[in-house]
1. Which Cys residues of the chain have no other Cys beta carbon under 4.7 Å away?
2. Label the stretch 21-241 by shape, choosing from rounded, prolate and oblate, from the square roots a ≥ b ≥ c of the eigenvalues of the Cα gyration tensor; if a/c is under 1.5 it is rounded, and otherwise prolate applies when a/b is larger than b/c, oblate when it is not.
3. Once Lys and Arg get +1 and Asp and Glu get -1 on their Cβ, which of G241, Q302, A283 lies farthest toward the positive end of the dipole of the stretch 226-306?
4. Would you be so kind as to identify which of L73, L194, C45 lies farthest towards the positive end of the dipole of the chain, taking Lys and Arg as +1 and Asp and Glu as -1 on Cβ and the Cα centre as origin?
5. Place a +1 charge on the Cβ of each Lys and Arg in the stretch 129-215 and a -1 charge on the Cβ of each Asp and Glu, then give the dipole magnitude about the Cα centre in debye, rounded to the nearest 20.
6. Between L291 and Q156, 0.36 nm times their residue separation minus their Cα-Cα distance comes to what?
7. Go through the stretch 175-237 and name the trypsin sites (Lys or Arg not before Pro) that are in a DSSP coil and have 11 or fewer other Cβ atoms within 10 Å of their Cβ.
8. Once you charge only the Cβ atoms, +1 for Lys and Arg and -1 for Asp and Glu, what is the size of the charge dipole of the chain about its Cα centre, to the nearest 20 debye?
Amino acid sequence: MRAAVLGLIALGASAFACPPLSLQAIVPGVWLVPGAQEAPARGNCGRVANSVVLEGAQGLVMVDPGPTYKDGLRVRQLIRAQIGRPVVAVVATHAHPENVLAASVFVKPGVVFFASDITAARMRRYCPRCRRNLRAAIGEDEIRGTRIVLPRQTIQSARATVELAGVTLTVLRFEGGHLPGNIALYDAARGVLLAGGLVNNRQIPQMRDAQLADWAAVLAELADLAPAHVLPGHGPAGDAGLIAAMRGYFEQLERSVGADVQTGNDAASAPQRLAFPDYRDWAEYLPEHGLNVQKRWREAEQELFDR
């Protein structure tokens, strides 16, 4: 017991609040730092999105560094203890605070900070407000020291090949999907897809900033890669079946809402009519599924009017 407590202290965690972090080996040279499959709260200290570490000849790539400065320090200490190599590049797959606000821990002189041009612009515009919202959710103590650092290297094209820390990655940039400017990273040599917020494992996707048709097209493009391993933005690592499961959810949403709109029903009560029993055990089913139904209902209604 004493050893366990000391281990938490060594990682800089608050034993009474922050869950212990882990660094999970996926394949040689690839690790996942999992987040809780829930909304940011004091009990999870904002660690609700996955981070990924890639090892290359020149060092490590830190993908989606995390939510706060304190969380970043805990992750950095874990990396030093278990891998023992420096982070020489940081990647933000999209501009949500739980993914990017720990960047200042890792972005030092000589360290590349990479994202899409849209993500960099959204971070500049929205991160101050997002930081305030995250502070309200997790508390002032946990977010203390967290500052905003912007990407220095961006991608504007839909697809490119980049080398970070000696790792060759195919970068796919999407204007639609989970959030405008999402990128996914494909490490073809290892057969690993880093999907960022575009794919979850048994967690209802957030569609607040997304159009269903755009996200469905993104998933089709990711499926064409036929990755052996998929590292989702939320939930445990898996294989290409994670992409198929997300596509299944969106296909059912499209069919169900499309039929409901045709009946002349109203949007307000649509979530009660269009419950999806097969997805009730997915994380964040409440409230996200109901919000998705209403979002898609409004889209479908407008499409009907535009015909």
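1. Result for the chain is C127, C130, no neighbouring Cys Cβ within the cutoff.
2. Numbers: a/c = 1.33, a/b = 1.11, b/c = 1.20.
In terms of gyration-tensor shape, rounded.
3. The residue sitting farthest along the positive end of the dipole is A283.
4. L73
5. Around 240 debye, computed over the stretch 129-215.
6. Details: separation 135, 0.36 × 135 = 48.60 nm, distance 3.08 nm.
Separation in residues times 0.36 nm, less the Cα-Cα distance, equals 45.5 nm.
7. Numbers: sites: R190, R202, R208; in loops: R190, R202, R208.
In loop regions of the stretch 175-237 (DSSP not H, G, I, E or B), the sparsely surrounded trypsin sites (Lys or Arg not before Pro) are R208.
8. Values: 32 positive and 29 negative charges, 277 e Å.
Value, rounded to 20: 1320 debye.
Here, each number is a calculation from the coordinates, and none is a lab measurement. This one's a predicted model, so the numbers in the text were calculated from it and none came from an experiment. Cβ sites come from the backbone with ideal geometry, for glycine too, and all protein chains shown count toward neighbours.
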